[in-house]
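Structure, as structure tokens:
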Amino acid sequence: MRKQTHSASTEINKNTEGLHNNVVKMVNTASKESVNVTVLVSVGEHPLSKRPRRAEQDARAIEIGLNLPGTQLHVMHAGAADNVQTNTVLKDYLGMGLPEIQVLNIPQEADNLTALTSNFTDSNPDIILTGIRAENGESSGMLPYVLSEQLGMALVPSITEILSVDKKAGFAELLQALPRGQRRKVRVKLPFVATVDMAAKAPRQSAFGAAMRGKITVVDAIATATTNNANTEWKITPAQPRPKRLKVVKAKTAADRFKAATAKAQGGAGKVIYNNQEAADAILKMLTDEKVL
Amino acid sequence: MFADDFLPSVLFVLLLVSVLLTLVGAGRRVRLWRQGQASTVHWAGLLSIPRRYLVDLHHVVASDKYISNTHVATAGGFVLTTILVLSIYLFGISGPVLNYALLASSALMFIGAVFVFLRRRNPPPNLSKGPWSRLPYSLLTYASSFFILSLPATGLLPTNTGGWLLAVVLLIGITWGVGEMYLGMAWGGPMKHAFAGALHLGFHRRQERFGGGRSTGLKSINLESIHLETGKLGVEKPEDFKWNQLLSFDACVECGRCEKACPAFAAGQPLNPKKLIQDMVVGMAGGSDAQFAGSPYPGVQAGTHKGGAIIPIVNVLVPSETVWSCTTCRACVQECPMMIEHVDAIVDMRRFETLEKGQTPGKGAELLENLKTTDNPNGYAPNSRMNWAADQNLPIFGQQVEQADVLLWIGDAAFDMRNQRTLRAMVSLLRAANVDFAVLGDSECDSGDPARRLGDEATFQRLAKTNIATMAQYKFKHIVTADPHAFHCLKNEYGDFGGNYDVYHHTGFFAELVKSQKLSLSTDKALSLTYHDPCYLGRYNGEYDAPRYLLEAMGISIKEMERSKTKARCCGGGGGAPITDIPGTQRIPDMRMEDAKATKADIIAVGCPQCSLMLEGVVEPRPQVKDIAELMLDALVLDTQTLDAQILGKQVLEEETAVDTKLSAVNLEPTAAKVVNVKVSHKITSTADV
Ligand code: SF4
Ligand code: SF4
């Protein structure tokens with residue numbers, strides 16, 4: 001969290017510059033006034049059949065975009081163009097009622113981040129929405145973080161809703177998902193990157209007619225070969241579910257058990273450490289306590 | 001004397017004007033129909049109209065003898081009278097023969113009209129009021145006026161009887177009669193049904209239905225050739241129907257037989273097939289449903305819905321819940337004397353909702369998504385499709401065999417514990433009859449039935465084409481399945497995509513095995529049992545006898561429900577209705593269970609996995625629900641030959657066991673247990689979980 005706020009505040013200069021640009025452009029075209037929302041979509045994978053599909057979080061991100069009034073919604077996919085499987089999935093996204101999806105044409109082995117960054121520096125989106133992590137492949141969930149850092153935007157993880165966007169004031173109000181169905185309202189400066197949580201509104205049905213009518217536009221991108229060649233040798237296996245921690249409920253009565261089951265997780269034990277050495281020690285102690293080391 | 005000259009000349013003018021006006025009206029009506037989309041024009045059908053009226057239409061009407069006789073008298077009398085009246089008074093062809101003929105025909109019509117009148121004194125709620133209540137009087141007036149008119153002409157009464165008074169009365173009567181009968185026919189009165197109905201019989205979209213044929217498969221959309229920029233998928237507005245569908249709507253006589261048969265209407269869901277058809281007429285001709293004089297959609301106030309040829313139907317003229325309440329049971333189509341295709345119209349509108357708007361209600365969207373990603377409606381892992389048969393050693397196409405006599409189509413019952421019992425019973429029966437069969441295993445996909453009924457033609461076609469391609473790799477003579485929905489798709493709907501097969505429902509196949517004595521059933525079970533006809537087996541495929549034959553072969557005398565065979569009430573499970581789940585005042589399966597309880601039977605035999613689920617979902621106490629395959633396995637008698645074969649088979653297997661002891665030992669257990677059983681009593685005594 002600290003890192004994100006940090007990046008957002010340090011890049012303020014760049015942002016105002018961007019805003020300034022917008023103001024200048026606004027004079028020329030009224031449409032520039034509207035909020036530019038860009039949703040990054042990936043090719044998902046059904047957990048049981050392993051078939052490509054709309055990624056669940058990405059589809060929710062589109063749903064959020066479609067429900068925002070007065071915005072310009074762009075949907076973008078970064079990956080190899082003219083791939084049959086990819087196109088079927090992109091059509092599924094189009095079926096939600098989108099006129100167009102842009103494909104940043106990036107060969108399989110190339111790094112899509114550089115292409116995305118350069119694309120976004122040109123197009124200046126106000127809001128970039130992505131899923132939390134991809135449904136296949138590396139699935140590290142790093143892309144939104146790295147992207148926000150490179151673009152100098154704030155990152156809000158796990159949102160469920162965009163409540164309002166005030167482009168003039170340069171702020172947006174978001175709802176963020178917390179454990180146990182809780183929500184937190186956050187106010188964030190435009191532009192920003194947000195990842196969409198599974199708790200967001202389920203995506204609308206993909207209609208075949210709209211899917212067939214929607215256009216897939218290929219945009220050529222300057223792709224640089226990925227710096228990390230190792231991943232070509234990686235062997236991908238299904239993730240193992242993390243073992244659940246046993247919860248010892250000492251409650252004697254039904255009411256106590258009910259409380260234990262419904263009470264929200266209380267942090268409480270955390271403390272703020274500023275000294276690097278102390279922080280490292282605390283982490284090491286925790287890891288040994290948990291028998292990780 | 002004066003009145004005598006005066007009447008014919010006035011009549012001439014009157015008839016001339018009304019015939020001309022009728023022709024103008026008819027032209028306008030034809031224009032309304034032509035707003036629809038192009039469809040094959042079956043000109044030859046026009047020649048068959050009389051035969052179709054007398055044979056096919058009356059075949060349906062005849063289930064109510066009263067009204068069929070009444071209609072023959074009235075309609076026959078009317079047509080004859082009209083021809084004679086026009087010849088005599090318009091074309092001036094006269095002669096005593098014609099006059100006597102007119103006398104007779106108008107008398108005939110009068111008798112018919114009297115019966116119409118009697119029927120209409122206390123009309124049941126399914127009949128429309130409004131202009132339809134006026135019709136018997138108009139019929140009586142028309143018939144009696146011409147009867148009285150021809151009395152002097154035949155010389156039975158002296159000319160000039162009644163003088164001016166009668167002449168004026170007759171003139172008024174004839175004007176009324178001619179107005180209702182001729183003008184009403186072309187300008188949208190109740191008599192419209194005669195004009196539109198006759199043409200509809202000729203131009204019917206499913207010509208195969210006449211002459212005892214059957215045509216129940218949905219019409220497919222050619223997804224490859226459709227221009228998506230200009231064309232649209234499914235029906236949004238009345239003008240998107242085919243022209244002959246629009247014509248068919250105009251043929252409706254508002255008899256309400258469809259309403260009486262409709263399970264969704266009875267369950268208080270917002271659907272009345274009769275009003276739906278009338279709403280389509282409103283949409284085609286423009287206006288509102290305020291004129292409708294029948295029962296409304298349950299729970300929906302009628303009178304405020306406007307329609308027009310270029311106004312969207314769903315949610316303007318017709319609530320979307322109406323379109324989604326239908327179980328596609330075809331009871332309305334079966335009952336409709338005018339042979340109107342309600343299900344086609346409903347699915348056409350659903351197609352637009354799903355394919356263009358993406359608004360399949362309830363769990364519809366989820367089901368369609370599951371079909372896309374896993375090929376089964378519930379989203380189970382495709383490679384778990386054969387898990388139910390882990391202990392069955394089924395030969396699988398492409399693994400153990402490349403050809404077999406029978407391809408056993410498993411269907412989505414594979415994923416359902418209740419219906420797995422039926423599947424196991426079916427496998428045991430096939431083995432007992434030494435049938436050479438194999439299954440497709442994990443490469444079988446859902447037949448596409450739920451997708452198609454929910455309007456997702458694209459998913460249906462993908463599934464159909466995938467299944468056809470899979471089956472093309474293997475050689476087999478027949479397909480056998482326990483699922484009437486898959487049966488219907490494979491038999492009637494895959495043909496459009498190049499899949500033509502010899503498909504049996506398991507009851508049909510087993511009936512042949514029993515007839516040829518490959519299976520013998522004990523007759524000592526005195527079960528108190530009733531049989532529920534699945535819609536997709538009965539009305540869709542005309543199979544009413546095989547299940548009954550099998551039950552009787554077990555010595556059971558079926559306690560038939562009041563609604564059985566063609567009139568059977570749906571279990572509520574078809575057409576994706578459990579998925580869209582439109583609320584009503586009661587549940588369809590509960591009503592069906594009441595039907596069954598009324599027979600006092602202990603068991604309700606079914607032949608469909610969907611029916612099993614819907615009926616078993618009814619709270620106890622209720623009759624037990626058993627598939628015919630399960631009942632048959634209970635009653636199966638193994639003769640010594642089969643027994644030897646089985647034991648022999650067991651020995652062969654035992655030799656294999658030596659090689660792979662651990663593996664086949666597990667697999668063998670059920671077989672071994674069965675054979676022990678047989679040795680004791682020469683028949684299998686329990687199906688519980690063989
Ligand atoms: S098919 Fe069945 S449920 Fe649908 S309208 Fe006709 S009778 Fe009613
Ligand atoms: S649709 Fe057919 S069954 Fe229904 S009211 Fe009209 S004519 Fe009668």
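The values are calculated or read from the model by the stated rules, or taken from the named source; none is laboratory data. The structure presented is a predicted model; accordingly, all values stated were derived computationally and were not measured. A quick note on method: Cβ atoms are made from the backbone with ideal geometry, for glycine too, and the neighbour counts reach across all protein chains shown. What goes into the accessible areas is simple: the full protein's heavy atoms, side chains included, and nothing from ligands, DNA or RNA. Shrake-Rupley method; radii C 1.70, N 1.55, O 1.52, S 1.80 Å.
How large is the accessible surface per residue of region B:355-407, computed with a 1.4 Å probe and reported in Å² as a whole number?
Values: 2260 Å² over 53 residues.
In whole numbers, region B:355-407 has 43 Å² accessible per residue.
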### Task
Could you calculate the FRET efficiency of B:His227 with A:Lys215 from 1/(1 + (r/R0)^6), where r is the beta carbon distance between them and R0 is 22 Å, rounded to 0.05?
0.90
### Distance between modelled label sites at B:Lys477 and A:Ala169, nm, 7 Å Cα→Cβ extension
8.0 nm
#### Entry: Cleavage-rule hits, trypsin sites (Lys or Arg not before Pro), region B:1-90, DSSP coil, Cβ neighbours within 10 Å at most 14
B:Arg34
#### Entry: Cβ-derived FRET efficiency at R0 51 Å, B:Tyr66 paired with B:Leu86, nearest 0.05
0.95
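Taking K and R as +1 and D and E as -1, what net charge do the other residues with C-beta under 15 Å from the C-beta of A:Leu284 add up to? Mind showing how you got there, number by number?
Details: positive: A:Lys285, A:Lys291; negative: A:Glu278, A:Asp281, A:Asp289, A:Glu290.
For residues surrounding A:Leu284, the net value is -2.
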### Query
What residues in region B:347-387 lose 50 Å² or more of accessible surface when the other protein chains are added to their chain alone (1.4 Å probe)?
B:Glu369, B:Lys372, B:Thr373
#### Entry: Using alpha-carbon coordinates, inclination of helix B:640-659 to the longest axis of chain B, degrees
50 degrees
### Query
In region B:145-225, which trypsin sites (Lys or Arg not before Pro) are in a loop and have at most 14 other Cβ atoms within 10 Å, using DSSP for the loop call?
B:Arg214
### Query
Mean projection of the alpha-carbon convex hull of region B:226-356 over all orientations, in nm²?
7.2 nm²
### Query
Tell me, what is the percent relative contact order of region B:366-634, built from C-alpha pairs under 8 Å that lie six or more residues apart?
18 percent
### region B:116-196 - percent relative contact order, Cα under 8 Å, separation 6 or more
30 percent
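Enter the accessible area per residue of region B:443-582 (Å², integer; probe 1.4 Å; all protein chains in place).
On the way: 4630 Å² over 140 residues.
Dividing the accessible area of region B:443-582 by its residue count gives 33 Å².
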## Note on the structure
Here, GluC sites (Glu not before Pro) of region B:480-562 satisfying both criteria (DSSP loop; at most 12 other Cβ within 10 Å) are B:Glu562
### Summary
Exposed chymotrypsin sites (Phe, Trp or Tyr not before Pro) being those in a DSSP loop with at most 14 other Cβ atoms within 10 Å, the longest stretch of chain B free of them is B:92-690
### Message
List the aspartates and glutamates whose Cα sits under 19 Å from the Cα of B:Lys597, skipping any in the same chain fewer than 8 residues away.
### Response
B:Asp533, B:Glu560, B:Glu562, B:Glu616, B:Glu620, B:Asp627
## Note on the structure
The pairs in B:Lys237/B:Lys275; A:Lys185/B:Lys363; A:Lys185/A:Lys215; B:Lys65/B:Lys565; B:Lys477/B:Lys515; B:Lys518/B:Lys559 lying past 24 Å Cα-Cα in this model are A:Lys185/B:Lys363; A:Lys185/A:Lys215; B:Lys518/B:Lys559
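Taking the convex hull of the Cα atoms, report for region B:366-634 its projected area averaged over all directions, in nm².
On the way: hull surface 54.4 nm².
Over every viewing direction, the Cα hull of region B:366-634 projects on average to 13.6 nm².
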#### Entry: Complex-versus-alone comparison for region A:37-51, residues with a loss of 40 Å² or more in accessible area, probe 1.4 Å
A:His46, A:Leu48, A:Arg51
### Message
Are there any residues in region B:195-233 with a reduction of at least 30 Å² in accessible surface when going from the isolated chain to the assembly of protein chains? Probe 1.4 Å, please list them by number.
### Response
B:Leu228
## Note on the structure
On the formula 1/(1 + (r/R0)^6), with r taken between the Cβ atoms of A:Leu48 and B:Lys465 and R0 of 30 Å, the FRET efficiency rounded to 0.05 is 0.85
### Message
Restricting to DSSP H runs of at least four residues, report the calculated mean residue ellipticity at 222 nm for chain B, -39500 (n - 2.57) per run over all residues, nearest 500 deg cm²/dmol.
### Response
-15000 deg cm²/dmol
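Of all accessible surface on the protein assembly as shown at a 1.4 Å probe, what whole percent is carbon and sulfur? Don't skip to the answer; put the middle values down first.
Details: 26330 of 45650 Å².
Answer for the protein assembly as shown is 58 percent, counting heavy atoms of protein chains only.
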### Query
What percent do you get for the relative contact order of chain B when only Cα pairs under 8 Å and 6+ apart count?
12 percent
### Query
Pairing the Cα long axis of helix B:661-681 with the longest principal axis of chain B, what angle in degrees results, from 0 to 90 and rounded to the nearest 10?
70 degrees
### Task
Compute the distance in nm between two label points, each set 7 Å from the Cα along the Cα-to-Cβ direction, one at A:Leu284 and one at B:Val619.
6.6 nm
### Task
Compute the distance in nm between two label points, each set 7 Å from the Cα along the Cα-to-Cβ direction, one at B:Ser39 and one at A:Ala251.
6.3 nm
### Task
Ignoring ligands, DNA and RNA and using a 1.4 Å probe, state the total buried accessible area between B and A in Å², rounded to the nearest 100.
1500 Å²
